[in-house]
Structure formats: C-alpha cells, structure tokens
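These notes are about the structure you will find just below.
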Amino acid sequence: MSRVLDMAGPDITQYEIDVVVDAMKTGWYEKPYYYVEKFQSEFAEYHDRKFGIMTPNCTSAIHLLLSCLGIGEGDEVIVPECTWIASAAPIIYLKGTPIFCDIDRKNWCSHPKSIRDNITDKTKAIIVVDLFGNMPYMDEIVKISEEYNIPLIEDSAESLGSTYNGTRAGKFGIGSVFSFHRTKTLTTGEGGMLLLDDEELYKKCMIWRDHGRDGALPPHMRNPNTKMYFNEEVTYKYMPFNLQAALGYAQFQRIDELVGGKVYQLEFYKNELSEIPDLRFNEQSDIVENGAWITAMVIGKSHNIDKEIFIEKMKKLDVPIRPFFYPLSQLPPFSKGLENNRILNHVSYDISKRGVNLPGSARVTDDDLKFICDKIKVCLNDTII
C-alpha cells in the first residue's frame, strides 16, 4: 500500500461534527447567527481585540477593511514582496497600487527599513504578513505607522498561535485578518475573520459587510429610526453562515491542541534534520513563539539547489513539497514595470528561490515525518558543495 502524504489538512473530531449538526438543527429560526456571534466574540477576546467580524474568506476581510479605510484609485498600499497574492489582490480590486517591500532574511517578513524606504505621499496603508507563523519586527513597524500616521494592517492568515514579545499575532495595527481555509490550523472550510478595536470602524465594516444595512449592526448600535430593508448605500455581501461558523467555533475550543500539533511537527523536522548543515526553518526566538501553520525550510546556498529542482527530486521520492511563495513582482499581474524589484528586493528573490514547505496535514504521523526527513537527507546528501 502506497503512503499518502498530504501537504495540509484539518483535524476534525466527533465534537466538531456534533456542533455542526446542532447548527443544522437549530440555526434557522430563532438562532440563525448563533455560532457566528459566539465565534466572533470568543475569537476576538482570545486576541485581546474588542470586535470580531467573520467573513467568507480572508481575502474578503482584507478587501472589506481597505474599503472602509477609504483606499481607492491612485492610493498606494505597502505589502511584502513574498506573500500569497491574496494580501495584494484587494488593493487591485479598489484600483489602488500595491508597493512591494523587501523581506528580512531571518524572519521572511516585511523589513522595517524597506517599508520606510517605500513610503510616499500616496501611501495610505501598510500591510504586514506573519509568514508561515513568523512575525515581523513589530515594535519598529508600529513606530513607523505611528510616525507617518499610516494605518497598519496585520495579515495573520498564517500565524494563529504565534506571539511577539508575549502579544498574540492579530493584536497589532488598526485591524488584523485571519484565514480559516481548509488547509489552515483552524478551519471552517473557507472563512476569514477581521479583528478591530475602533468602534466606528467596526460599525462601518459591519454595515458594509451586509449590503449597507444599519440592521447588520448589533441591536444596541442600530439607529432606532432606521427602516427595515432600507439600504443607505451599495456595498458588499460578505456575510458568513451559521454552519461555517459552527465548525470554526468548535475547532476554536481545541485551539491549544491544534496549534500544539503544528508546533510538534516543526520541532520534529528541525530535530530530525539537524545533522544537515545550512538549513533554516520557521523562526523561533526569545521574542517569537511560532504557531507553525506549516513548516517552511530555506535551503542554504551551499547545497547548490533551488526549490523547483528540489521539489522535482522529492516528487520522485514520493514526497510532495510545496514551493515558497514567488515574489509578487515576478507574477504576470504585477511584473510590468517592476523589473528592478529583483534588485531592490533581492532578499525576497533569494529566499523565495530556495524556500519550500514540508508536508504538515493533521493526519501525517511520526512515521510519515521520519519517512519525509529520510528522503530529504537522500535528496540533499549529494548537493552540498
């Protein structure tokens, strides 16, 4: 029987099934958004935020927040060069311009100096991404945001469970976003969450999430004179649904267990591969506790192998490997006119060329992890200079 190795996937127990069944039975009449409200509230409290807004996915959470911050045509938003396209796509939706900053060689997140160097009078927001559970130098970046009075947004799609100097990922900036995609540590199949502290911004986001209706607000925040189905403006339909939230709520009750499983995998890989020189994994340090959504590995230059060759060699050894994100300015939608980014953001291009993600689904066993590590050793054994 061949071994099945999944890159990523959830841990679903009978408890989650029971909660979703309860939502199926009870969530249609008196309690249509019961689990949405519980999940939003508890998730926000866990991250020391005042408000949580669940969305259909993380991309829509970013789009909603940028929209409510007034980002529009001609505005610039700084994002890291190395991230998934979803961090930048909503800027394009709004006819803004994403400005790609370089990453730090150690944590693979936005470098504070590159952020500062890219600020212009058109800069209207800064998005930082907690890549693979790593955390940027938040102290410095928050200072830059405050110095220039530019809103800071934390894309925490990959950092559930991470902390920076004891503060949970998702607490930084004017707002933060999370992903509950089927591959994430905590899943709702598809889903996202926007966390905020500012009440006025929360009200606007809630109204804009549901067709510009004041009735989308919690009852105590509504205008008592607003008529039912009286829409003040044309906005979006980014409402979640109760079944989706029920799964997320149930998963959230197991948050320590789920994050612990991811951290265990990272530690297993690091320990088992420690004999191989010149490999770098997700950052763990005195100031960063990594939630390790997925184990990332950057292969040192001494191995003389790039990610695409490594992936093909591992495929022949029956191990699926995922590439590190490509620099966004290398992708066709963004590349025109950004040819110099290869030089300006040279760290991003260098790290991306040698970075990969290792299998990390919930059903990968210790035996599977050992098998993967043995194959990595075989693959890299003949590459080092």
Checklist entry - Among the candidates ASP286, ASP318, which residue alone is acidic (Asp, Glu), under 17 Å from PHE371 (Cα atoms) and surrounded by fewer than 15 Cβ atoms within 10 Å (Cβ to Cβ)? => result ASP318
Checklist outcome for this item: Picked from the range 179-194 (must be of a type outside the set (Ser, Thr, Tyr) and in contact with an Asp or Glu (Cβ under 9 Å, 6 or more places away or on another chain)), the residue farthest from PRO240 (Cα to Cα) is LYS184
Checklist outcome for this item: The helices (runs of 4 or more DSSP H) lying entirely within the range 298-356 that contain at least 1 residues which are in contact with an Asp or Glu (Cβ under 6 Å, 6 or more places away or on another chain) and not hydroxyl-bearing (Ser, Thr, Tyr) are 346-354
Checklist entry - (1) buried (at least 20 other Cβ atoms within 10 Å of the Cβ); (2) not in a loop (DSSP other than H, G, I, E, B): which one isn't true of LYS203, the others all being true? => result (1)
Checklist outcome for this item: Here the residues within the range 166-192 that are assigned to a strand (DSSP E or B), out of contact with any helix residue (DSSP H, G or I) (no Cβ under 6 Å at 6 or more places or on another chain) and on the phi < 0 side of the Ramachandran plot are THR167, ARG168, SER176, PHE178, HIS181
Checklist entry - Under the condition of being part of a loop (DSSP other than H, G, I, E, B) and among the polar types (S, T, N, Q), which residue from the range 68-107 is surrounded by the fewest Cβ atoms within 10 Å (Cβ to Cβ)? => result ASN107
Checklist entry - Out of all the residues in the range 366-383, is one or more closer than 20 Å to LYS313 by Cβ, assigned to a loop (DSSP other than H, G, I, E, B), in contact with a helix residue (DSSP H, G or I) (Cβ under 7 Å, 6 or more places away or on another chain) and touching a residue at least 24 places away in the same chain (Cβ under 8 Å)? => result yes
Checklist entry - Under 9 Å by Cβ, and 6 or more places apart or on different chains, what pairs join a residue from the range 128-156 that is closer than 12 Å to ARG116 by Cβ and of a type in the set (Lys, Arg) with one that is surrounded by fewer than 24 Cβ atoms within 10 Å (Cβ to Cβ) and at pLDDT 95 or above? => result LYS143/PRO112
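The values are calculated or read from the model by the stated rules, or taken from the named source; none is laboratory data. Keep in mind that what you see is a predicted model, and the values were worked out from it rather than measured. Heads up, the Cβs are rebuilt from the backbone with ideal geometry, glycines too, and the neighbour counts pull from every protein chain shown.
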